[in-house]
1. Scan segment 129-143 for residues that are touching a helix residue (DSSP H, G or I) at 6+ places or on another chain (Cβ under 7 Å) and of a type in the set (Gly, Ala, Ser) and report the count.
2. Return the residues of segment 102-128 that are within 25 Å of the chain's Cα centre (by Cα) and of a type in the set (A, V, I, L, M); say none if nothing qualifies.
3. Every residue in segment 39-58 that is of a type outside the set (Asp, Glu) and surrounded by 10 or more Cβ atoms within 10 Å (Cβ to Cβ), please.
4. Would you mind finding the one in Val121, Val109, Val157, Val80 that is of a type in the set (A, V, I, L, M), at pLDDT below 90 and surrounded by 14 or more Cβ atoms within 10 Å (Cβ to Cβ)?
5. Find the helices (runs of 4 or more DSSP H) located wholly in segment 74-158 whose residues include 1 or more that are under 30 Å from Leu59 (Cα atoms) and in the same structural domain as Val62 (by TED's automatic domain parsing), and list them.
6. What pairs can you find where one residue is in segment 116-131 and under 13 Å from Glu96 (Cβ atoms), the other is part of a helix (DSSP H, G or I), and their Cβ atoms are less than 6 Å apart, with a gap of 6+ or different chains?
7. Kindly indicate whether Asp67 is assigned to a loop (DSSP other than H, G, I, E, B), outside the structural domain of Met132 (by TED's automatic domain parsing) and loosely packed, with under 12 Cβ neighbours inside 10 Å.
8. Please determine whether any residue of segment 130-140 is over 33 Å from the mean Cα position of the chain (by Cα), more than 30 Å from Arg89 (Cβ to Cβ), surrounded by 10 or more Cβ atoms within 10 Å (Cβ to Cβ) and of a type in the set (D, E, K, R).
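The values are calculated or read from the model by the stated rules, or taken from the named source; none is laboratory data. Model, not experiment: these values are computed from the prediction. We place every Cβ from the backbone using ideal geometry, glycine too, and count neighbours over all the protein chains shown.
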Amino acid sequence: MQVPMSHPLKPSWMENFVPVPAPPGGRFPKGVSGNPKGRPKGSLSKSDKVARALNEEGLEVVRVVLDAAKAGDMVACGHVLSRIAPALRSKSQTVEFDFDPELPIGKQVEQVLAAVAAGQVPPDVGQTLVAMISNLASVRATEDLEARIIQLEAKEVR
């Protein structure tokens, strides 16, 4: 069945619906509320309703999940374990190797790479050190540009 584009299909529940055009200048006059009485006193927001339900039935839900985990439900086990023992995170460690911070940036990175290759620095720590050196290089470049701009502006003023 082909329906002309000028007559879009309407679901049966919208058969008699006719939209009311918005008044010119907006839906409500300025300064006039669309709901002057506001929310009734004592009514709960959605988040309040959820919090109340959790307070009332939360322990029962926890009991069901624990029972399922004990029965071998691996998804329930995952939920329980994620709350008991959070995911392991890498811990930073202090490393010692020959490093001269006065060298140019490229040479500093080479020092880190040599320490990683020699097994003095773990690869993940080496990667972090190289990223830190790169960030320092960016800061220094910004400072150099700022100094050059200040010099140029001082020349123009004279």
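1. Qualifying residue count for the region: 1.
2. Keep residues of segment 102-128 that are within 25 Å of the chain's Cα centre (by Cα), which gives 124-125, 127-128.
Across segment 102-128, the qualifying residue is only Val125.
3. Leu44, Lys49, Val50, Ala51, Arg52, Ala53, Leu54, Gly58
4. Val80
5. Details: elements: 74-84, 105-117, 123-157.
In segment 74-158, the matching helices (runs of 4 or more DSSP H) lie at 74-84.
6. The qualifying pairs are Val121/Ala115; Leu129/Val112.
7. No.
8. The answer is no; no qualifying residue exists.
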